[in-house]
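The values are calculated or read from the model by the stated rules, or taken from the named source; none is laboratory data. Only a predicted model underlies this, so the values are computations on that prediction, with no experimental measurement involved. Ideal geometry is used to build each Cβ from the backbone, glycine not excepted, and the neighbour counts take in all protein chains shown.
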Amino acid sequence: MNEGRNDYWKYKKINFFCIMGCGILSIWLILGIILGIIVLVVVVAYLIGYFSSSGSVTLKSEGNVSGKVLIVYDPGLSGGTKSAAFQIANVLSSKGYAVTVAGVRSNEAVNLSGYDVLIVGSPTYGAKPTGSIESYLNSLEAPENIIVGVYSLAGGDAQDSNLVMAQILKDKSLHVKVSTKFGNSAFGASADKNLYSDFVSQLLA
């Protein structure tokens, strides 16, 4: 009788530990899958951003050419900074400027010869611009008389990477005429076209 009872409790203990072990393994498996998905999404977003920052597009001016503008951007993970670059480019184009919108890793971003205006945009990560934008600004060789503007996208009020960008350029004796942040979203550029019009107006004033 006692042996039967002992076997029963042994079976219950073994069954309990099997259930607990399977439950723990299931949790780790689920966490592993979630982590894998997150890593995959980040890698894909990085690759998209990398290749997106390697190209360039030139917008012709509407009417007589008033000047040439180079807009350099790092799209980051969301691509919002690139969207803002084209919003600014459209405003400048309507004012008679020939505009080249170039990713920070493109060949066109390096040569500033013949440009009257330089605009640099970056997303904000850890209250700073991206590493590629910082490297670009630190190695930048720009004419002293070029008009410069910088902009950023950020997720918080205190995260103004445009101020960091402006300081880097000021340390290189370049006058930054306009430094601004378009909204408090790190995930996309603002749809308010007045923001970009105001930015351009201040830059050309």
*asked:* Can you tell me which condition Ser61 does not meet? The list is (1) surrounded by 10 or more Cβ atoms within 10 Å (Cβ to Cβ); (2) of a type in the set (Gly, Ala, Ser); (3) in a helix (DSSP H, G or I); (4) modelled with pLDDT under 75, and all the others hold.
replied: (3)
*How many residues are in a helix (DSSP H, G or I), modelled with pLDDT of 90 or more and charged (D, E, K, R) when one looks only at segment 156-205?*
3
_Breaking point among (1) over 21 Å from the mean Cα position of the chain (by Cα); (2) at pLDDT 95 or above, for Ile34_ = (2)
